[in-house]
Amino acid sequence: MNATRRQWVNRVMMGLTVLATLVALVPLFFILSNLLSTGVKALDLNFFTQLPKPVGEPGGGMANALVGSGILLTIACALGLPLGILGGIHLAEYQKSRITFYTRFMADLLNGVPSIVIGIFVYAILVIGMKSYSALAGGVALGLMMIPTVMRTTEEMLKLVPRMIKEAGLALGIPYWKVILFLVVPAARKGIVTGVLLAIARIAGETAPLLFTALGNQYWSVSLTEPISALPLQIFVYAISPYETWHQLAWGGALILIGMLFVLNLVSRFSFKKSRGR
Amino acid sequence: MKNLFKNLMKKTAVAALALCLLSTAAVAAESLLINGAGATFPYPLYSKWFAEYHKAHSDIQFNYQSIGSGGGIQQITAKTVDFGATDAPMSSGDMSATDAPLFHIPTTLGAVVVSYNAPISGELKLSGEVIANIYLGKITKWNDPAIAALNSGVTLPATDILVVYRSDGSGTTYVFTDYLTKVSGAWSGKIGTGKSVKWPVGIGAKGNEGVTGMIKQTPGALGYVELNYAIENKLPYASVSNKAGKFIKPTVATVSAAASDVSKIPADYRVSITDSAAAEAYPISSFTYLLVYIKQTDAAKGKALVDFLNWAMTEGQKISPSLNYSPLPEALVAKVQKTISEIKIK
Amino acid sequence: MKLKADRLFEGITRLAALSLIGIVLLMGLMLFVQAWPSMQAFGFSFIFGSDWDPVAEHYGILPIIYGTLVSSFLAVLIAAPLGIGIAIFLSELAPPGLAQVLGMLIEWLAAIPSVIYGLWGIFFLVPWLRQTVEPVLIQWLGFTPFFQGPAYGIGMLAAGLILSIMILPIISSITREVLKAVPLEQREAALALGATRWETTRLAVLRYGRSGIIGAVFLGLGRALGETMAVTMVIGNRAQIKASLLAPAQTMASVVANEFSEATGKLHIASLVEVGFILMLITLLINAVARLLVLRMGGEHLK
């Protein structure tokens, strides 16, 4: 193979990689621009303040879905943050513990379980158990999905904290648990927050686990034991409906959801950068 | 240095949780929420009923999830909702699976129409046999001789018929297949009746909403939906020939005609009125039912349910025609009101 | 010498870790128990039977497994070359600033929720396929069994395309990490011998990172197998085995989403749970293999 031929091959292959990148960016461009142009038309004051109206009546909104998503995420965090962060602390700071291997293993397993299967599990336990669809069930399903991400990130961030800090604390006679809680964890807090924000971003858009746990609700509901609406759920129901007004609302909801997620992603990325760059 | 983020997050979560619980108490004190789920067939009507009822009784809210008749039956059996809704009456097997007896309360009548998206000038006429053959995959093109024979003078396109069916457990499917079983030997032998069947051809969509959406967006599509969905979305639908041999357009009147013989309706209201022999009857008509437990264990919810059912028999019936549903025959209303009075509240 | 408080704190963290283990074990157990009636009734014929018939209460999921595998493989077929190409471009060719920006943009594809992909799929991708792409495919490639049948728009092709967009960021970002982990000496050795950029990449980097890249592809496959919302909105919900990519199909996650809340009859529910259980096992297996491959590259930081 002579040199020119090899140069050619080189150019072609490298050109292909550029092409691959451009090809990948094309759907991103289309999705975002379609989302923006179609969704922005649906966003008026009604959207944020009104409840869904019966079919055919104009002026409905997705206010309850926005609130519902907020409540579900709060419940999810109530479950996912303590288990995830404390579990991550255990993995990072108690290396001699016998269960660290199994914990990491199970966390990986849980991470790979399709979200709909988690929905089935929570349905079997909570919805059947409580004899009702509920916000609690939906929140628990989402919370379970958070745990592996939060646990893994907490562990990694804690491990990055320089040993000096721990050793200095111990050398001063501070009990180990105080060293962890008041010295190491705060040192890693920016990274942990990043992990939490990313986990929230991931579950905020989940629909499948809510299908048979939170079920959905056309009214205002802040009750934990009743079905509740959620943004991705409503988007799904409206998207597969035949009504133009509902399609509009779906696009509006999608735009808000994406906006929220991108903000979360950007904030976590930049806050993390700041902590590393120190 | 106690400024721990983790601690803060936990505190915020606890505070938020407390807030939720407090507002639960507040909301619970203000209004009663009654949950139901089931058929998509009557959803536009129920949606309007619940909204109107709420205007008159602002402390009671009905939350209805339109997930299909199969879902309605399953959820009321599991008692995860306060009432169910179905077009397909529960089978005796289904009924024995509940741990307490329940009533089928007929609420309204509706039509399952064959809607389509094809450039056909004028009205499309179909017979039961032809519809069955389309869904069996024996008729694949719009200008098939069997369809042309029924529609002389109408130009039919030479394109494929894209068949759409319900992918979820559906009362509408039950009514539709019940009709096809009665009018087509091939269908009854091969497929039969059910909320969910093994469709020989076509694509599945979820709910009456999904099928309507699919028809609307897919040129050449044909599917079966409840009348109101086709009208709301300005989709054309076919006239179907009935047992008396006439081509009948589905309307409030022709659907009522299918239920005109009240004597044929059994005491528990579980009946099929498809392929009715009445001269002006639309052949694919059906009752739709609310499923409620005879013994209501929650006094407040039970009282609200009974009150709503009575409202549905009087005020509700007046609303039905405006959404293209047929009100129940008057003789039947009297019977249903008596049944409602037999619901025991703890 | 541990204080009581130390032991208490350690106990609390251990409890958290144990709860996780407990939850996962409970999940596996619950799914198995709920699926048992179906396993008992059908045994292995569940997997090999072609008959998903809720009316006759007879359930066989072979066509649904087919739909799951074909749509996912189609997605991987499209996304793997693209993802690897992007990774090569970003780690070998692009200037660091550009690489970071482009990398972030590709990551954004991963942040878009499944339901929004489905929404976009229904209103933009499917009509485009139905009106523009599929007629062309039928015209030019209709003689092969892969492009026969009416142009629904909805179907295997739509599902495969959307899945490929969704798994692209996973394959690309993990491959990028794998490529970064390749020691500099490998590259320098190749360059010293007079290799072109492409040759260096091919011989030194890709070969060295081969198992890691395969791992990345497997992870993408794992994600595609479990995807629910976007798929159920565009695949046509029809359990059948057809060679044509234009035909509607059904996947395991999608059938559960469609039928679960409405399944009447204990056997129907048990069968759906069994589908979920089998899906979970398959994705866990694929993910485990993937992780093994990636770790073999010798990267602790590649997790």
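Could you list, in sequence order, all residues of the stretch A:222-240 that are hydroxyl-bearing (Ser, Thr, Tyr), more than 7 Å from chain B (Cβ to nearest Cβ) and over 17 Å from A:Thr38 (Cα atoms)?
A:Thr225, A:Ser229
Go through the residues of the stretch C:43-51 one by one and say whether even a single one is without any contact (Cβ under 8 Å) to a residue 12 or more places away in the chain and at positive phi. Scanning the stretch C:43-51 turns up at least one residue that is without any contact (Cβ under 8 Å) to a residue 12 or more places away in the chain and at positive phi. It is to be established whether one or more residues within the stretch B:278-285 are surrounded by fewer than 24 Cβ atoms within 10 Å (Cβ to Cβ) and touching a helix residue (DSSP H, G or I) at 6+ places or on another chain (Cβ under 7 Å). Yes.
I need a count of the residues in the stretch B:88-139 that are touching a His at 6+ places or on another chain (Cβ under 7 Å) and more than 20 Å from B:Ile191 (Cα to Cα). Residues in the stretch B:88-139 being touching a His at 6+ places or on another chain (Cβ under 7 Å) and more than 20 Å from B:Ile191 (Cα to Cα): 0 in total. Summed over the stretch A:162-214, the residues that are crowded, with 20+ Cβ neighbours inside 10 Å and assigned to a loop (DSSP other than H, G, I, E, B) give a count of 8.
When you scan the stretch B:224-261, how many residues do you find that are part of a loop (DSSP other than H, G, I, E, B) and acidic (Asp, Glu)?
Pass one, the stretch B:224-261, residues part of a loop (DSSP other than H, G, I, E, B): B:233-236, B:238, B:242-246, B:249-251, B:259-261.
When the remaining residues are screened for being acidic (Asp, Glu), the result is B:261.
Qualifying residue count for the region: 1.
Residue count for the stretch B:250-277 under the criterion of being crowded, with 18+ Cβ neighbours inside 10 Å and among the β-branched types (Val, Ile, Thr): the result is 6. Picking from residues in the stretch C:111-158 that are without any contact (Cβ under 8 Å) to a residue 60 or more places away in the chain and over 23 Å from A:Leu35 (Cβ atoms), the one that is surrounded by the most Cβ atoms within 10 Å (Cβ to Cβ) is C:Gly142. The listed residues are A:Gly39, A:Gly68, and the only one of them that is of a type outside the set (Val, Ile, Thr), assigned to a helix (DSSP H, G or I), away from chain B (no Cβ under 11 Å) and within 26 Å of A:Gly143 (Cα to Cα) turns out to be A:Gly68.
Residues of the stretch A:49-65 that are in contact (Cβ under 8 Å) with a residue 40 or more places away in the chain, touching a Pro at 6+ places or on another chain (Cβ under 9 Å) and not in a helix (DSSP H, G or I): A:Val55, A:Gly56, A:Gly60, A:Gly61, A:Met62.
Against the list (1) surrounded by 20 or more Cβ atoms within 10 Å (Cβ to Cβ); (2) within 13 Å of chain C (Cβ to nearest Cβ), the condition B:Lys190 fails is (1).
Scan the stretch B:55-85 for residues that are part of a strand (DSSP E or B), at pLDDT 90 or above and within 11 Å of chain C (Cβ to nearest Cβ) and jot them down. B:Gly84, the sole residue that qualifies. Applying a threshold of 7 Å to beta carbon distances and a minimum spacing of six or more residues, or different chains, the list of pairs starting in the stretch C:9-32 at a residue that is more than 7 Å from chain A (Cβ to nearest Cβ) and ending at one that is crowded, with 23+ Cβ neighbours inside 10 Å and not in a helix (DSSP H, G or I) is empty. The criterion of being more than 20 Å from A:Leu51 (Cβ to Cβ) and at pLDDT 90 or above holds for B:Ala39. The residues of the stretch B:86-116 that are within 12 Å of chain C (Cβ to nearest Cβ) and in contact (Cβ under 8 Å) with a residue 12 or more places away in the chain, listed by number, are B:Thr86, B:Ala88, B:Met90, B:Asp94, B:Ala97, B:Thr98. C:Gly212 - would you say it is under 17 Å from the mean Cα position of the chain (by Cα), more than 10 Å from every other protein chain (Cβ to nearest Cβ) and in contact (Cβ under 8 Å) with a residue 12 or more places away in the chain? The answer is yes for C:Gly212. Filtering C:Ser114, C:Ser50, C:Ser45 for residues that are within 14 Å of chain A (Cβ to nearest Cβ), out of contact with any His (no Cβ under 9 Å at 6 or more places or on another chain) and not β-branched (Val, Ile, Thr) leaves a single hit, C:Ser114.
Every residue in the stretch C:154-177 that is closer than 20 Å to C:Leu125 by Cα and either touching a Lys or Arg at 6+ places or on another chain (Cβ under 8 Å) or within 14 Å of chain B (Cβ to nearest Cβ) (or both), please.
C:Ile154, C:Gly155, C:Met156, C:Leu157, C:Ala158, C:Ala159, C:Met166, C:Ile167
The lone criterion from (1) crowded, with 17+ Cβ neighbours inside 10 Å; (2) more than 30 Å from A:Tyr176 (Cβ to Cβ); (3) not hydrophobic (A, V, I, L, M, F, W, C) left unmet by C:Ser45 is number (1). Restricted to helices (runs of 4 or more DSSP H) entirely inside the stretch B:124-223, those with at least 1 residues that are in contact (Cβ under 8 Å) with a residue 24 or more places away in the chain, farther than 24 Å from B:Ile248 by Cβ and within 20 Å of the chain's Cα centre (by Cα) are B:207-217.
Residue count for the stretch B:211-237 satisfying the condition of being under 17 Å from B:Gly122 (Cα atoms) and either of a type in the set (Lys, Arg) or within 11 Å of chain A (Cβ to nearest Cβ) (or both): 4. For the stretch A:87-98, enumerate the residues that are over 27 Å from the mean Cα position of the chain (by Cα) and within 15 Å of C:Leu15 (Cβ to Cβ). Across the stretch A:87-98, the qualifying residues are A:Tyr94, A:Ser97, A:Arg98. Which one is surrounded by the fewest Cβ atoms within 10 Å (Cβ to Cβ) among residues in the stretch A:80-100 that are more than 10 Å from chain C (Cβ to nearest Cβ) and touching a residue at least 24 places away in the same chain (Cβ under 8 Å)? Among those residues, the one meeting the criterion is A:Leu81. Restricting B:Lys48, B:Lys79, B:Lys125, B:Lys138 to residues that are among the basic types (Lys, Arg), surrounded by fewer than 20 Cβ atoms within 10 Å (Cβ to Cβ) and closer than 22 Å to B:Val292 by Cα narrows the list to B:Lys79. If only residues of the stretch C:244-269 that are over 17 Å from B:Ser167 (Cα atoms) and at pLDDT 90 or above are counted, the one that is nearest to the other protein chains (Cβ to nearest Cβ) is C:Leu246.
Considering every residue within the stretch C:137-153, establish whether at least one is within 14 Å of chain A (Cβ to nearest Cβ) and in a helix (DSSP H, G or I).
No, the stretch C:137-153 contains no residue that is within 14 Å of chain A (Cβ to nearest Cβ) and in a helix (DSSP H, G or I).
Of the residues making up the stretch C:80-99, at least one is more than 29 Å from C:Arg238 (Cβ to Cβ), within 14 Å of chain A (Cβ to nearest Cβ) and of a type in the set (S, T, N, Q).
All conditions but one from (1) more than 9 Å from every other protein chain (Cβ to nearest Cβ); (2) over 18 Å from the mean Cα position of the chain (by Cα); (3) aromatic (Phe, Trp, Tyr) apply to C:Trp198; the one that does not is (1). Take C:Phe89 and tell me if it is among the aromatic types (Phe, Trp, Tyr), buried (at least 22 other Cβ atoms within 10 Å of the Cβ), part of a helix (DSSP H, G or I) and in contact with a helix residue (DSSP H, G or I) (Cβ under 8 Å, 6 or more places away or on another chain). For C:Phe89, the condition - among the aromatic types (Phe, Trp, Tyr), buried (at least 22 other Cβ atoms within 10 Å of the Cβ), part of a helix (DSSP H, G or I) and in contact with a helix residue (DSSP H, G or I) (Cβ under 8 Å, 6 or more places away or on another chain) - is met.
The values are calculated or read from the model by the stated rules, or taken from the named source; none is laboratory data. Fair warning: this is a prediction, and the values are worked out from it, not measured in the lab. Neighbour counts run over all protein chains shown; Cβ positions are idealised from the backbone, glycine included.
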